[in-house]
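Below you'll find the structure, written out as structure tokens, and then a few comments.
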Amino acid sequence: MTKTKFSDSILEKIKAQEVTQKSRWYFVFKNGLFWTIFSIAVLFGALGFSVILFSFFESDFDLFSFFNPHHQQIFWSLLPLFWFGFFTLFLGFSVWGIHATRKGYKLSILLLLGINIFSSMALGSVFYGFGGGEKLERIFDERAPFYEGLEHRMKRVWQNPDQGRLAGEILEIRSDETLLVFNSFQGKQWIVQYRDARIPKRELRVGMPIKILGKRGQNDLFLASEIRPFMPRRMDGRGMRNTERSFEGRKENQNHFELDRRKLRDEMRSSLFRKERSLYK
Amino acid sequence: MIFESLVVRQSSNSIHSLYTFEFELFSDSFPLMTQNPPLTDEQLVQKSIENMDFFGELVDRYEMKLKYYILRISSFSSHEADEILQEIFLKVWQNLQGYTGAVKFSSWIYRIAHNETISAYRKYTSRGGDKTVELNEEIFELAPSKINIPAEFNAKESAHMIQQVLQAMPEKYREVLIFQYFEDMSYEEISDVLKKPMGTVATLVNRAKKSFRETADRLSFQFSFHDEN
């Protein structure tokens, strides 16, 4: 085997500097690492997407046209911007991860984006179906000091009877098509007339958290034009309990809301009963 | 003596059988003549992992190709190119087990060469280094079938002009033109070297040809590629 001077010098340099070859496993591990980054990023992106879905389905954006004059401001306050950012960040990581794999560069960035968006959305929809979005949102709400949960933002939007938005829990359903609603935001009861209102397919029932679109009447009367469950995907027991516990807002007041729900309702009913009886006397 | 008899007998009609006879008879004296066909790059890589001497063969195969490539892409001096070339082969040696055969070995080694050269070139220019372009007509010769060059220019003048145009072009365009027209690479090979999708490479090549013509116009040279759209 004849060698030029240059190749001899290379071989000598390798020997003199004891330059060693990287193991085959180093490359296998490196490639595997990028696949892992890709997989984890898709997983997190999917979780982010499940919360986006949850936020959209809970926010009733179709009602926003009735929110004049502040509908744009309200719309932005309810958009899950944090989760859009979260989703985009992990989408970036997943594209970077798969692009850095051994053959990842052969696919165009647009195709990689498409594959990753599709994977995250498909997996995110599954997570949402199993309640993953709601759970993650709640974890962030409870543990992340910088994050304000959707529920709190919803309450802020819906606690404005002067602008025709009211939310609370049904205390009583009366035969004259009026409801007795306790609005814990303002700590007062409202008589809600719903004769002409569009109401959800689901039957109204005592204890149900609702949001009401309408018009404020005299004193404590509210004329409803539309009634919807407060957070429709939380209408199971778990969701209601959660809704009620933090109904009035911030975490620092949580002790106040540790009160038993039934006890509170019973107390209010009996006080109402006493008030009515005193009227008859 | 043996060779003489072999050469003499080549003129006879029974050359094939004689060749076979002589090679079999004296194969010990001419070990390389029996290695037919020569080892492919991929086979040499496998053998180099086990025996370093085979790596020398790989170095021999790519030494000049890569040196020319370095000179074309960077306009480093010949001495500087040799230094970079050494670093390239050391890196190739270190990463040899990472070569899986998924791409051609030439693409793989050019990828390392490209990264090392660009990195060295950027380091040099970021330190304020100013490259004086050395004329090397040999490395910038293009086959007449690839480029329209006015007849009045001789090879040396043409090479000088091509070099000037390439140096004045954006790096991303210069590199794809060098790969396609000087290194004779296909889109797939360029894609493997630059780690870019083939569609992107095709787009880059088209834009690079346009950029080449515009740069040449700006420098008052009148030539373009034959296959330019």
What are the ³J(HN,Hα) values, in whole Hz, obtained from phi via the Karplus relation 6.51 cos²θ - 1.76 cosθ + 1.60 with θ = phi - 60°, for each residue of region B:172-189 in sequence order, with x given for Gly and Pro? 5, 7, 4, 5, 5, 5, 5, 4, 6, 9, 9, 9, 6, 9, 7, 4, 5, 5
Quick one: which residues, 5 or more positions from A:GLU226 or on another chain, have an amide H under 5 Å from its amide H? H modelled 1.01 Å from N in the peptide plane, none for Pro or chain starts. A:ARG198, A:LEU213
Residue pairs, from the table A:LYS15/B:LYS156; B:LYS104/B:LYS156; A:LYS5/A:LYS30; B:LYS67/B:LYS123; B:LYS65/B:LYS123; A:LYS135/B:LYS195, whose Cα atoms sit over 30 Å apart: A:LYS15/B:LYS156; B:LYS104/B:LYS156; A:LYS5/A:LYS30; A:LYS135/B:LYS195
In what sequence, largest accessible area first, do A:HIS71, A:HIS152, B:HIS79 appear using a 1.4 Å probe? B:HIS79, A:HIS71, A:HIS152
Provide B:LEU194, A:LEU166 ordered by accessible surface of protein heavy atoms (probe 1.4 Å), highest first. B:LEU194, A:LEU166
What do you reckon, how do A:THR178, B:THR125, A:THR88 stack up by accessible area (1.4 Å probe), largest on top? A:THR88, B:THR125, A:THR178
Averaged over its residues, how many other protein chain Cβ atoms are within 10 Å of peptide B:92-98's Cβ atoms? 6
What accessible area, in Å² to the nearest ten, does a 1.4 Å probe give for A:TRP96? 130 Å²
So how much accessible area does A:GLU142 have, in Å² to the nearest 10, using a 1.4 Å probe? 90 Å²
Residue-wise HN-Hα coupling along region A:34-46, computed from phi with Karplus coefficients 6.51, -1.76, 1.60 (Hz; x: Gly, Pro): 5, 5, 5, 4, 4, 5, 5, 5, 5, 4, 5, x, 5
Backbone HN-Hα couplings from phi across region B:86-96 [Karplus 6.51/-1.76/1.60, Hz, Gly and Pro as x]: 4, 4, 4, 5, 5, 5, 4, 4, 4, 9, 4
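The values are calculated or read from the model by the stated rules, or taken from the named source; none is laboratory data. A quick note: this is a predicted structure, and the numbers were derived from the prediction, not measured. Every residue, glycine among them, receives a Cβ derived from its backbone with ideal geometry; neighbour counts consider all protein chains shown. These area figures cover heavy atoms from the full protein model, side chains too; ligands, DNA and RNA do not enter into them. Shrake-Rupley method; radii C 1.70, N 1.55, O 1.52, S 1.80 Å.
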